[in-house]
Amino acid sequence: MFETTAIVGATGAVGSIILELLEQRQFPSKNYRLLASARSAGRRIAFAGRELEVEELTHDCFEGVDLVISSTPDETAAEYLPSAVQAGARVIDESGYWRMKPDVALVVPEINPQAAREATGIIASPNCSTTQMVLAMKPLYDAAGIDRVIVSTYQATSGAGLQGTVDLKQGTQAALNGESYSYRAFAHPIAFNAIPQIGSEKEDGYTSEEMKMVYETRRIFGDESLRVCPTCVRVPVENCHSESILVETKRPVSVEEARDLFAATPGITVVDNLAEGLYPLPSECSGHDDVFIGRIRRDLSHPNGLAFWCVSDNLRKGAATNAVQIAELLAAE
C-alpha cells in the first residue's frame with residue numbers, strides 16, 4: 001500500500017477519470033493529494049466519501065508523496081516530474097514528453113508489466129492510439145509473430161483535449177445554423193469533416209501522431225523489426241478512437257483462431273457478427289475500459305494477412321485506465 005498518492009492534472013478530463021477509477025477500484029493508498037495549475041488551486045473535489053482541496057503544482061509539492069500519476073501537457077511534465085522523482089516518488093506519466101527517453105519505461109501492463117516493475121524513475125503511458133493497437137496486436141504477436149501492421153485511425157475530438165469537444169459541438173451547431181465558427185483546437189472545421197493530420201509534420205510526409213505509433217509500438221514489444229504504416233485522421237466523433245488494422249503475421253492465422261485469441265486476452269472484448277450488424281461502435285464503447293474488436297476477416301491480398309476493426313475509449317484505456325493499471329502493478333509489489 002502507498003502512503004500518499006498525488007494526482008497531477010487532477011482537474012483535467014483524464015485526471016478526473018483517474019480519480020474515478022482509483023475510487024472504483026479501491027486503489028491501496030492511505031492518502032491522496034490533488035495537484036493542478038494555480039488557476040485550479042483551491043477547488044474542492046469529492047473523492048471516496050470526502051472532499052479534497054486542489055493544491056498548486058510546484059517543484060516543492062512532492063515531499064512525502066510515494067506515487068505520482070500525472071496527466072498534463074508535455075511542457076508541464078518536462079518541468080515538474082523530475083522534482084517528483086528527486087523527492088523519492090514513483091511517477092506514472094500520461095504526457096508524450098518522456099515516452100521515448102531511453103531511461104524511461106513505456107508500459108502497457110498486459111504486454112510488458114516487467115518494465116514497470118523494474119523502472120526506477122518515470123514510467124510513461126503510451127499514446128492513446130498506440131495503446132489500443134498494441135493490445136489488439138498482443139495475442140497475434142504471441143501466437144504467430146507479426147511482420148507488418150497497416151493502420152488507419154479515426155480519432156475522436158476528445159483526444160485534442162476539452163477544447164476539441166467544444167469545437168465539435170459548437171462548430172457543428174454553427175454549421176447547422178449556417179453561421180461561422182472560429183475553431184481553436186483544429187486547423188480546419190471538424191464538423192461534417194475528416195482531417196487527415198494529427199500533430200506536426202515529421203519525416204517522409206508522416207505526422208508526429210503517426211510516428212508515435214511506429215516508435216512506441218516497437219519499444220513496447222521490444223522489437224525493432226516491426227514494420228508499422230499508420231495514417232491518423234481526426235473525425236467528428238466526441239469520444240473513442242476507432243482503428244482499421246491490417247496485420248501480416250509470420251504464419252497464417254485463421255479468422256476463427258484470431259477470434260479465439262482475442263476473446264481469451266484480458267482487456268479485449270470481441271463484438272463480431274456482421275450478419276446481425278454487431279461490431280464495435282464509438283457510441284457504445286465510450287465509458288468502458290476494454291479494447292473492442294470486430295469485423296475480423298482474412299486479407300484477400302495476402303495469405304498471412306488479417307484485418308479487423310478496433311475501438312477504445314481514448315480517455316480510459318488510452319489514458320487513465322492504463323495509468324491506473326500501471327499503478328496497480330506497482331502497488332502489488
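The values are calculated or read from the model by the stated rules, or taken from the named source; none is laboratory data. Everything quoted here is computed from the prediction, not taken from an experiment. Positions of Cβ are generated from backbone atoms using ideal geometry, with glycine treated the same way; all protein chains shown enter the neighbour counts. What goes into the accessible areas is simple: the full protein's heavy atoms, side chains included, and nothing from ligands, DNA or RNA. Shrake-Rupley method; radii C 1.70, N 1.55, O 1.52, S 1.80 Å.
Numerical summary
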| read-out | value |
| --- | --- |
| Percent accessible area from carbon and sulfur atoms, the chain, protein chains only, probe 1.4 Å | 48 percent |
| Surface accessible to a 1.4 Å probe, per residue, for the residues of region 1-151, Å² | 41 Å² |
| Residue (of Thr4, Ile45, Met100) at the positive-pole extreme of region 1-110, dipole from beta-carbon charges | Ile45 |
| Among 283-294, 11-22, the order from most to least packed when residues are scored by Cβ within 10 Å on average | 11-22, 283-294 |
| Relative contact order computed over region 87-239 (Cα-Cα under 8 Å; 6+ residues apart), in percent | 28 percent |
| Heavy-atom accessible area per residue - region 171-220, 1.4 Å, Å² | 60 Å² |
| FRET efficiency for Val255 and Ala187, using Cβ-Cβ distance with R0 set to 35 Å, rounded to 0.05 | 0.30 |
| Within the chain, percent of DSSP bridges classed antiparallel, to nearest 5 | 45 percent |
| From phi via Karplus (6.51, -1.76, 1.60), per-residue ³J(HN,Hα) for region 52-63 in Hz, x at Gly/Pro | 10, 8, 6, 9, 6, 6, 9, 6, 9, 8, 9, 4 |
| Sequence-separation-based contact order of region 121-196, relative, with Cα cut under 8 Å and 6+ spacing, percent | 20 percent |
| Pairs from Lys30/Lys138; Lys101/Lys169; Lys30/Lys317; Lys212/Lys250; Lys138/Lys202 whose Cα-Cα separation, in the structure shown, is over 30 Å | Lys30/Lys138; Lys101/Lys169 |
